[in-house]
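Working notes, beginning with the structure itself.
Read the figures in this text as sums done on the coordinates, not as results from a lab. It should be emphasised that the depicted structure is a prediction, and the values quoted were computed from it without experimental measurement. Don't worry about glycine lacking a Cβ; one is built from the backbone with ideal geometry, like all the others, and counts go over all protein chains shown.
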Amino acid sequence: MTQTTAPVRIVAHQRSAVVIRKYLTTAAAVLILLGVAWWLVTSFINDPKLFLSSAVVGLQNGTLFALIALGYTLVYGIIELINFAHGDLFMLGTLFSGLIISSIFGVVKSGATVGGWVIFLVALVGCMAFCGGINVAIEFVAYRRLRKAPKLAPLITAVGMSFVLLFVGLLWNGSAQKSDWRSVLPQGAMYPGGVRIEYKAFVVIAMTVPLLLLMSWIVTQTRVGKAMRAVAQDQDAARLMGIDVNRIISFTFLLGGALAGAAGLMYQQVIGTTRYDLGFNFGLIAFTAAVLGGIGNLTGAVLGGVLIGLIKGLNEGVGLGQQWSQTVVFGILILLMVFRPTGLLGQSTGEKV
Amino acid sequence: MSDIATVVPPTPSRRGVNIKPGLRWPLGFLTAAVIIFLYYYLDTYFRPAIPDVLHNFVATWLPLLPINEALIYAMAALGLNVVVGYAGLLDLGFVAFWAIGGYTAGWLASGFFFNQDIRFFGSAFTLNQATGGVHITVWLVLVAAGLLCALAGVIIGAPTLRLRSDYLALVTLGFGEIIYEVFYNGDNLFGQNVSNGNRGISPVDSIRFFKFDNTGAFTWGDVGPFDVLSKFVFFVILTAIVLFASLRIREGRLGRAWLAIREDELAASMMGVPLMRTKLSSYAFGAVAGGIAGVAFAVHVSGVFPDRFRFDISILLLAMVVLGGMGNVWGVTIGAIILAWTNSTGLPKAQSLITDSGSKEEVGTILALAGLGLIIAGVVLFLRRRTAPLLTFIGVPVTVIGVVLFAAKRDVSFQFLIFGAVLIIMMLFRREGLIPEARTRLVLREPGRTEAEALGADMVDLAPELERLPDENVHAGGSVPVAPRALTGEEEAR
């Protein structure tokens, strides 16, 4: 992923224009950041309790976004494909977890029990396997054949795949919102200093952080992680070193899908509702998170997810309100693309020349 | 792979009618439009002239309303084709321009600004009734929508066109969603009502155009909501304008610059093509077509409603462009008409027919067996050829539809499955579309030079410029017998 850009010789008068432009963009970025900071501070002073409660909700959603964003970033890092079907995979994860918990185990009453925790863990493993398997199958059936095609082709295929998964969701669940599923997580909330924190938020964070650590361990410490990084850098060289490129790419899709499955389970347990077109929205927000952190960068995806979650939560709590959340998220995306296309933690990859 | 490029000389026209190759498609379009017009004119005003069988068949399968809608889709798809097909920039939020065009019509030709009283050759009805609002003739509204959309295209394009293609896709998608949300929440935008929110702006003025009185004689006047035939003529004219513009602009300096950028950005910029300006102009041009389609749609439904401007329309438009053949104007037009018709008439009618006749199980069984047959035939008969995966890929969705029809208790809509499958199958097996353009075919069969180098040394032998290409039929329409030789991708990956 780290190609160095060819040095470009810039003529002197062009250089001054470039410098001016750079200053202008920096100034604009600083202004925007100052505005955001001002908004945050004033809304905090206005109603600190509401502000902190919204932040907690945002943090909880942000960890889910981080899980989904990791799937995007892993796949993008390795084959430079925006996997549009990933959000819909997450949606299938919510449906599957509902199936396991409500239909197979027949949980009829919300609330945490010892049995409930066991069921939760079983569902976690089941969902991760289910979504990982689907993701691997999608790669095997469609993307693998297009690995050497121009970029537009796999991207459009991914959009088509997303439609197929939407159809599966529609067939499975109908077009109405499904909300009669029970949760096995502890209900209720605590109010330290008047700030509302749901118990579920702790569970989500306590489940997500180990998953993220595990992921980071796999990619940075293990042999297969090393192979993944090698494939991401140069497929041919990796092949020459004896790495089975196809297997490694499949493994990457498995990891990404498993994280989406985990996110699906937690979403279903925390929010409790799902719909066939849920994935579109969530997928886009998660992808924005991945871009925000610097696509291809694992830490960046987590950071971006949490940040986007916070921004979205604060916007819905003390900002413009829920009906504008898409605008806020995509507005951030567009601004980011203008001012810092590499994301917060990404390095400049440059166009391959 | 034993494919040798077999260059077949262009066969002379069989029936001896010698039409210039460049005129065949336009004449075909015109003929189809005239036939549809004459049929519906007779059907409406001289009903006994049409046999009952024909009347019933056409009324079921080819009503005029969906044809009008298909023409609007064709205009928008042609606009998207300029961006995606000509310039090679993926735009996933194209419906935004459609929405902006529609709302321009809503602002400039309706009673929305009821405090104002501005008229300029608006519809006669509003003049007689002395209703308030801005009422401007539809031709000026079209111009205004085009300008506004071009401006919007430049505004969204200027900061983002420097990005890499997949980022660009995402940003345009986000732009589409933002525009939707702005119009949806527009009844309270900083305290102002700019779009009436989710109620939309309705009614939009009727256009002043020629129409028919009860006896079928021509008159000039307000085209009411139910004068579908007059609207058909109006839409045909608009589509013809967009078609003509996209055909001609492709041959000019700008169009060739777009193609150059699509094929190799670096080489194009080295040859002196100003990248940003050229890309921006493709955005602006596509946006203008989208805006025209927006105005046409506002005329079509006599109103503007934000719910019509969701992401799925953008994807539908993209599917039209991909199905027809990216870059080929006529292919895109036909792809748009086919998909729009399938979406609005074909699928719902077929499904309701099957449900009404109570033969869901039978049809489901037949489809499932046919699909299974395709899969088995693919696997058994053509195991080693390219056809095997194609048959399987077609067979699986057919089987699924059959099984679902057979087993499902409630009605399931198959739109998502069919559109998704179309996109995937086209991308896997016929990337250049149903009616490919020769240049696009070469571009899409093989990765670009930079991509080929990035992929590695094993791709060096693919050099599209070494391919022999017959000089005729390079432009729109002709199918060029170039052997499909780039099987490398599939073979390697398996």
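Take every Cα pair under 8 Å in chain A that's 6+ residues apart, average their separations, divide by the length, and report that relative contact order as a whole percent.
Dividing the mean separation by the residue count of chain A yields 35 percent.
Take the residue pairs A:109/A:178; A:312/B:279; A:49/A:200; A:49/A:312; A:151/B:279 and return only those whose Cα atoms are more than 22 Å apart.
Among A:109/A:178; A:312/B:279; A:49/A:200; A:49/A:312; A:151/B:279, the Cα-Cα distance tops 22 Å for A:312/B:279.
Which semi-axis lengths, in whole Å and largest first, follow from the square roots of five times the eigenvalues of the Cα gyration tensor of the range B:273-317?
Three semi-axes, in Å: 27, 13, 7.
Test of understanding: ordering B:399, A:25 by Cβ neighbours within 10 Å, fewest first, what list do you get? Let's see the in-between values first.
Numbers: B:399 19, A:25 14.
Taking fewest neighbouring Cβ atoms as first place, the list is A:25, B:399.
Assign one of three labels to the range A:217-353, namely rounded, prolate or oblate, based on the Cα gyration tensor with a ≥ b ≥ c the square roots of its eigenvalues; rounded applies when a/c is under 1.5, prolate when it is not and a/b is larger than b/c, and oblate otherwise.
Because a/c hits 1.5 or more and a/b fails to exceed b/c, the range A:217-353 counts as oblate.
For labels at residue A:137 and residue A:39 in the simple 7 Å Cα→Cβ model, what's the distance in nm?
4.3
Once whole DSSP H runs in chain A are found, which of them have Cα atoms spread over 27 Å or more along the helix axis and a mean Kyte-Doolittle score of at least 0.5?
Within chain A the helices that satisfy the rule are A:12-46, A:48-79, A:114-141, A:152-173, A:199-221, A:245-270, A:298-318.
Just checking the output field for B:310-320: average partner chain Cβ neighbours within 10 Å of each residue's Cβ?
2
On a straight-distance basis, which lysines could pair with residue A:148 in a cross-link, Cα separation under 25 angstrom, same-chain partners fewer than 8 positions away excluded?
The reachable lysines, counting only those whose Cα sits under 25 Å from residue A:148, are A:226, A:352.
Please order A:332, B:50, A:32 by the number of other Cβ within 10 Å, starting at the fewest. Walk me through the numbers on the way to the answer.
Details: A:332 22, B:50 16, A:32 13.
With the sparsest Cβ surroundings first, the list reads A:32, B:50, A:332.
For the peptides B:268-275, B:344-351, A:268-275, what is the packing order when you average, over each peptide's residues, the other Cβ atoms within 10 Å and list the highest mean first? Before the final figure, lay out each step's value.
Numbers: B:268-275: 13.5, B:344-351: 16.0, A:268-275: 20.5.
The packing order, highest mean first, is A:268-275, B:344-351, B:268-275.
Give me the lysines in straight-line cross-link reach of residue B:349: C-alpha distance below 24 Å, same-chain residues under 8 apart excluded.
Once the sequence-local lysines are set aside, what remains near residue B:349 is B:231, B:360, B:409.
Report the FRET efficiency, 1/(1 + (r/R0)^6), for residue B:244 and residue B:210, where r is their Cβ-Cβ distance and R0 is 22 Å, rounded to 0.05.
0.55
Counting just the Cα atoms, what span does the range B:21-329 cover along each of its three principal axes? Round to the nearest Å and put the largest first.
64, 56, 31
Could you tell me how far the Cα centroid of the range A:49-127 sits from the Cα centroid of the range B:287-331, in Å?
The range B:287-331 and the range A:49-127 have Cα centres separated by 35 Å.
Would you give the gap between the C-alpha center of the range A:193-218 and the C-alpha center of the range B:148-221, rounded to a whole Å?
Between the Cα centre of the range A:193-218 and that of the range B:148-221, the gap is 42 Å.
Using 7 Å Cα-to-Cβ label points, what is the residue B:55/residue B:277 separation (nm, one decimal)?
Using points 7 Å along Cα→Cβ, the separation is 6.0 nm.
Using a Förster radius of 22 Å, what is the FRET efficiency between residue A:118 and residue A:187 based on their Cβ-Cβ separation? Nearest 0.05, please.
FRET efficiency, residue A:118 to residue A:187: 0.75.
Using only atoms on other chains, find how many Cβ atoms lie within 10 Å of each Cβ of peptide B:411-424 and report the average.
6
Which peptide among A:233-240, B:277-284 comes first, and what is the full order, when sorted by highest mean count of other Cβ atoms within 10 Å?
Result, highest mean Cβ count within 10 Å first: B:277-284, A:233-240.
Mind giving me the FRET efficiency for residue B:357 and residue B:377? R0 is 35 Å, r the Cβ-Cβ distance, nearest 0.05 is fine. Write out the running numbers ahead of the final one.
Values: r = 29 Å, r/R0 = 0.82.
Given R0 = 35 Å and the Cβ-Cβ separation, E is 0.75.
When averaged across all projection directions, what area in nm² does the alpha-carbon convex hull of the range A:47-339 cover?
Taking a quarter of the hull surface, the average projection is 15.9 nm².
Can you pull the one-decimal nm distance between simple spin-label points at residue A:17 and residue A:246, each 7 Å off the Cα toward Cβ?
In this crude spin-label approximation the distance works out to 5.0 nm.
Based only on other Cβ atoms within 10 Å, what is the fewest-to-most ordering of B:220, B:98, B:139?
Starting with the residue having the fewest Cβ neighbours, the order is B:220, B:139, B:98.
Under 25 °C and 0.890 mPa s, how fast does the protein assembly as shown diffuse according to Stokes-Einstein, given a Kirkwood radius computed over C-alpha pairs? Answer in µm²/s, whole number. Intermediate results must be reported in sequence, preceding the final value.
Numbers: Rh = 28.9 Å.
For the chosen part, D equals 85 µm²/s.
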